[in-house]
Ligand code: GLU
């Protein structure tokens, strides 16, 4: 591996750019770019940037009739707030550097959206498609017990969640392993989030990242002056959108944009990309994939020659929603989107950022745009500690109060309220209403905070730098309050 004093490359478009030698280094470069706009001393900045704890494990699991040695990680990037929080990824690409980078992004992400956690991430280096459900369960349970042995999991220590290649099923295995090895722990349900609702999960968690991406971009699109600079009209309706990755995050993002009247002109998967300038319905595409095993040859759409060609089509908004490093110095010059909304973690490299900035493309960064998942994880964790479902206490009370208010309005005006409005107004909040409104508020507030920082300093070049400034200031403040041991 190369050292941090890394080679520089020359880009005709923007002069010398320091080339990141790894994903973690890439995150460090974003951090350094933003740190210049903060007042913190070097030592504090170094502490914020560093990965506090890296746990690399190897454990044996019997697969079929042989023993396989599984490589896995859990990284706790920051302990300035506890517990640590972040997903667990199952992928053949998992390595220590990647998990460190993703854990660091979690720290900054949580700070930006005011979720009071330190950042963490886990990964198991496997291709989950190659294992049976029974084998995946064995691997997940063994990984969980390794975490327990080293005190790397717990509602007040470190709380995993889904990420690429994992979902509700894996989270329920983690929960069950934890509860059986730690019997009687009152807040044990809070040791993991993204659980099925029947096992202490919260309604709305599954679609939360995609919903958050939608709320965040909708807010960005609502600012007239910013849109004018890009030559776009404000608003979501009629915008042409391309989504790369049709997993949980990509599918829900595409669905919310589709429902709000945007035109999904291209969907890109790992094995194919389909294009239809009249628009695609993400539900129909997913149904087709279920039936045929691929989105390839979806009726009425053109299947592109290379799936990566989809990234380079003309559109208003390009949403990479799969893995890191999909847009780099090589393909960035050919990107024709006006806005890039990063639903994945780290889909652009530092070099791509620089090139796109020169092309006047607005990059809406992952570090807050995909924070919907962890935000609703926070709501789930709070629900687990409270031991009560959201809305349970106040739903009926609110409904009764609303009924009384309506009665008074009708009496005073002499006009009856129509049935449709009556149903809307009288209804007391359910868990899903409260979760979605908490998420909406979080994403809108984050955009406003970041825009304020971005526009208040003429040298801050882009939204990502502004978002990192926000994160660094909040974490720096936490360290200042904690005090550093003498
Ligand atoms: N894996 C998701 C992320 O990267 C969610 C993490 C969480 O809910 O803790 O943000």
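The values are calculated or read from the model by the stated rules, or taken from the named source; none is laboratory data. Values in this document were obtained by computation on a predicted structure and should not be read as measured data. Cβ atoms come from the backbone with ideal geometry, glycine included; neighbour counts cover every protein chain shown.
Can you tell me how many residues in region 340-350 are surrounded by 23 or more Cβ atoms within 10 Å (Cβ to Cβ) and more than 13 Å from the ligand (Cβ to nearest atom)?
Residues flagged as surrounded by 23 or more Cβ atoms within 10 Å (Cβ to Cβ) and more than 13 Å from the ligand (Cβ to nearest atom) within region 340-350 amount to 4.
If you go through region 290-301 one residue at a time, do you hit one that is at pLDDT 95 or above, touching a helix residue (DSSP H, G or I) at 6+ places or on another chain (Cβ under 6 Å) and crowded, with 19+ Cβ neighbours inside 10 Å?
yes
With (1) within 12 Å of the ligand (Cβ to nearest atom); (2) buried (at least 24 other Cβ atoms within 10 Å of the Cβ) as the list, and residue 115 as the residue in question, which single condition is left unmet?
(2)
Mind listing whichever residues of region 406-454 are at pLDDT below 95 and within 17 Å of residue 368 (Cα to Cα)?
none
Which one is farthest from the ligand (Cβ to nearest atom) among residues in region 353-384 that are farther than 18 Å from residue 321 by Cβ and in contact with a helix residue (DSSP H, G or I) (Cβ under 6 Å, 6 or more places away or on another chain)?
Ranking the qualifying residues of region 353-384, first place goes to 355.
How about region 397-422: which of its residues are surrounded by 14 or more Cβ atoms within 10 Å (Cβ to Cβ) and not in a helix (DSSP H, G or I)?
Matches in region 397-422: 417 only.
Which condition number in (1) closer than 17 Å to residue 266 by Cα; (2) at pLDDT below 95 is the one that residue 316 fails?
Looking at each condition in turn, residue 316 falls short on (2).
Any chance region 155-167 includes a residue that's more than 30 Å from residue 445 (Cα to Cα) and out of contact with any strand residue (DSSP E or B) (no Cβ under 7 Å at 6 or more places or on another chain)?
no
Would you confirm whether or not region 388-396 contains a residue that is surrounded by 13 or more Cβ atoms within 10 Å (Cβ to Cβ) and either without any contact (Cβ under 8 Å) to a residue 24 or more places away in the chain or within 16 Å of the ligand (Cβ to nearest atom) (or both)?
No, the conditions are met nowhere in region 388-396.
Look through 114, 95 and report the one residue that is at positive phi and within 20 Å of the chain's Cα centre (by Cα).
Step by step, each of 114, 95 is checked, and only 114 is at positive phi and within 20 Å of the chain's Cα centre (by Cα).
Restricting attention to region 193-213, does a residue exist that is away from the ligand (no atom under 15 Å from the Cβ) and closer than 27 Å to residue 98 by Cβ?
Among the residues of region 193-213, not one is away from the ligand (no atom under 15 Å from the Cβ) and closer than 27 Å to residue 98 by Cβ, which makes the answer no.
Return only the number of the condition from (1) within 16 Å of the ligand (Cβ to nearest atom); (2) touching a strand residue (DSSP E or B) at 6+ places or on another chain (Cβ under 6 Å); (3) farther than 19 Å from residue 146 by Cα that residue 94 does not satisfy.
Every listed condition holds for residue 94 apart from (3).
Please verify whether residue 425 is touching a helix residue (DSSP H, G or I) at 6+ places or on another chain (Cβ under 6 Å), surrounded by fewer than 23 Cβ atoms within 10 Å (Cβ to Cβ) and part of a helix (DSSP H, G or I), treating the condition exactly as stated.
Judged against the criteria, residue 425 is a match.
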